[in-house]
Amino acid sequence: MTRALILGGTADASLLAADIARAGVDAVYSYGGRTRAPADQPLPTRIGGFGGVSGLADYIRSEGITHVIDATHPFAAEMSRNAIEACAETGTLLIALERAPWTKAAGDKWIEVADVSAAVAVLPAAPADVFLAIGRQHIAPFASKPQHAYTLRFVDPPQAPLPFAADVIVSRGPFTLDGELEMLRVRGIGWIVARNSGGDGARAKIDAARMLGLPVIMISRPALPERKRVESVAEVMQWLGHSARLGA
Ligand SMILES: NC(=O)c1ccc[n+]([C@@H]2O[C@H](COP(=O)([O-])OP(=O)(O)OC[C@H]3O[C@@H](n4cnc5c(N)ncnc54)[C@H](OP(=O)(O)O)[C@@H]3O)[C@@H](O)[C@H]2O)c1
């Protein structure tokens, strides 16, 4: 019998959970516990880490999981690596549901970098207004360039003092092009730092930057070992149905 585990925390994972619930597939949805009030899911839900590769492998065995769907954020690299190892160890089928990265379009002023520290290095020495559109747990290295006026955007209000002075917008999105144009203009933003998350939910800032001719320091996704990867919920449902019919 098929029993699926969804590693979630993204809008795509919620869409998948809805389809899986509608199809009556036995499944569990898992959140990492990063946001305070995660959205309700139409499936039994667990919150919090598994305890590394061995913890996830134990969970897979004890829960009789036959299929793991890694629908985590493209930058949630540790969880994705753990899923690859735990599924290999337990002989469990694994698929990743991951949106394609954004690609540079005509008019984009992207500076592509490998990671956060490279992004810090690219920022100018002269004081500038910088929109840091990266997760809360990735901002600390920017404290080494305090001359800039930083604007941050988080899903939840920060609980602890920030590592440097900054203006914080608290909003979960999705964001509109007009809203982003307004925000960037009103704040006189001169530079944007973003991660190549892909998808439509976070794309508006990239389109707004192009329209305003702003440079974007674009952080590439972390490299992951090879795994089966699809970009749509329909493909995951087919994979689930397909492998179920093969009696996997
Ligand atoms: N990174 C982002 O920018 C971002 C943005 C939006 C949403 N999210 C979501 O937030 C969660 C945490 O992201 P992250 O970047 O902190 O991940 P990460 O660095 O890859 O994961 C760190 C640890 O958090 C636990 N974890 C992560 N996702 C989990 C899940 N879905 N279910 C159970 N445990 C999970 C695992 O703990 P153990 O080792 O103990 O199992 C993992 O080793 C992910 O589910 C991701 O989809 C992340």
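For the criterion of being modelled with pLDDT of 95 or more and under 18 Å from the mean Cα position of the chain (by Cα), Leu97 passes. Of all residues in segment 1-58, those satisfying the criterion of being in a helix (DSSP H, G or I), open to solvent by 20 Å² or more (accessible area, probe 1.4 Å) and hydrophobic (A, V, I, L, M, F, W, C) are Ala11, Leu15, Ala18, Ala21, Ala23, Val53. Taking (1) under 22 Å from the mean Cα position of the chain (by Cα); (2) touching a residue at least 24 places away in the same chain (Cβ under 8 Å) in turn, Ala166 satisfies each apart from (1).
Taken over segment 50-81, the residue count meeting the criterion of being among the acidic types (Asp, Glu) and either without any contact (Cβ under 8 Å) to a residue 12 or more places away in the chain or near the ligand (Cβ under 6 Å from one of its atoms) (or both) is 2. Across segment 1-29, the number of residues qualifying as more than 9 Å from the ligand (Cβ to nearest atom) and without any contact (Cβ under 8 Å) to a residue 40 or more places away in the chain comes to 9. If you filter segment 185-205 down to residues that are out of contact with any helix residue (DSSP H, G or I) (no Cβ under 7 Å at 6 or more places or on another chain) and assigned to a strand (DSSP E or B), you find that the one that is most open to solvent (accessible area, probe 1.4 Å) is Trp191.
The values are calculated or read from the model by the stated rules, or taken from the named source; none is laboratory data. Just so you know, these numbers come straight off a predicted model, no measurement behind them. Neighbour counts run over all protein chains shown; Cβ positions are idealised from the backbone, glycine included. Accessible surface is based on the protein model in full, side chains and every heavy atom, while ligands, DNA and RNA are left aside. Shrake-Rupley method; radii C 1.70, N 1.55, O 1.52, S 1.80 Å.
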